[in-house]
Amino acid sequence: MPSPATTPPVSTGNPATREPVFQVRGLTRVYGGGEAAVTALHGVDFDLFRGELIVLLGASGSGKSTLLNQLGGLDSPTSGTLRYRGRDLGAAGEHELTQFRRDAVGFVFQAYNLIPSLTARENVALITEICRDPMTPETALGLVGLASRLDHFPAQLSGGEQQRVAIARAIAKRPELLLCDEPTGALDVHTGITVLEAVERINRELGTLAVIITHNAILADMADRVFTLSDGRIVSERTNTRRGLVCDLAW
């Protein structure tokens, strides 16, 4: 793998001329039954492509996390289709979904979920030891700007640095899909920008399809496309002809 400093940007091209990574049609998720049934997603439709940076925008309860869980194979649809590279994940068994999550998906959550007794390098190595073609922990941590913090324990790192270790752990497997659930929710503005810059760099240099969910509308300018959700539906889709840099965002 080329070094982070020399890896060329990935051209995403025109979505109309590319094969989608995900094809989602009529995706519906209902929890419970009878009078207690809650519909979290109502017939959602969209395509996602390699190298895109997508922002899912909406208030709490709008369906963002439910949709992210569907894309990551953490939950199955009640109806509709969710196709990844032509494979219907909605019809997949648990073994197939486990393999999909292990090989194709990197998850980043608001909680860092690092093991306190392990260094940054060792936390990332937990993933690299079980993947087919991983980066080295040193390469992954270098991509998020932590090459000088390899042997620090989580307690010796700031919140933003811990979140970047979590990102390094997620991308060390070379996932095609990086899913970020409010990754800056527990951070101050300056630290949050640093974390988003790391996500943006991964997306740009590795061609990873990155999906970020947030309630912060200002972050929409960093995306290629923005889907706004309300009451379990996509109520608007916006394409940015020119993506704004994270460092230019004024929160």
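In the chain, the longest principal axis of the Cα atoms and the axis of helix 189-206 are about 80 degrees apart. In this label model, ARG102 and ASN216 are separated by 3.5 nm, measuring between points 7 Å along each Cα→Cβ vector.
Between 0 and 90 degrees, the angle of helix 94-104 with respect to the longest Cα principal axis of the chain falls at about 50 degrees. Among beta bridges identified by DSSP and lying wholly in the chain, the antiparallel ones come to about 55 percent.
The tail of the calculated P(r) for the chain, taken as Cα-Cα distances beyond 28 Å, holds 31 percent of the pairs. Distance from the Cα centroid of segment 143-182 to that of segment 46-67 is 22 Å (rounded to whole angstrom).
Rounded to the nearest 10 degrees, the angle from helix 159-171 to the longest Cα principal axis of the chain is 70 degrees. With a Förster radius of 25 Å applied to the beta-carbon distance between HIS152 and VAL189, the computed FRET efficiency rounds to 0.60.
Across segment 130-151, the residues whose backbone nitrogen lies under 12 Å from the label position 7 Å along the beta-carbon direction of ILE115 are 130.
Of the residues MET222, MET135, the one with the fewest other Cβ atoms within 10 Å heads the list, and the complete ranking is MET135, MET222.
Values quoted throughout were computed directly from the atomic coordinates according to the rules given, and no laboratory measurement underlies them. Bear in mind that the values here come from a model prediction, so they are computed numbers and not experimental data. Every residue, glycine as well, gets a Cβ built from its backbone with ideal geometry; the counts of neighbours run over all protein chains shown.
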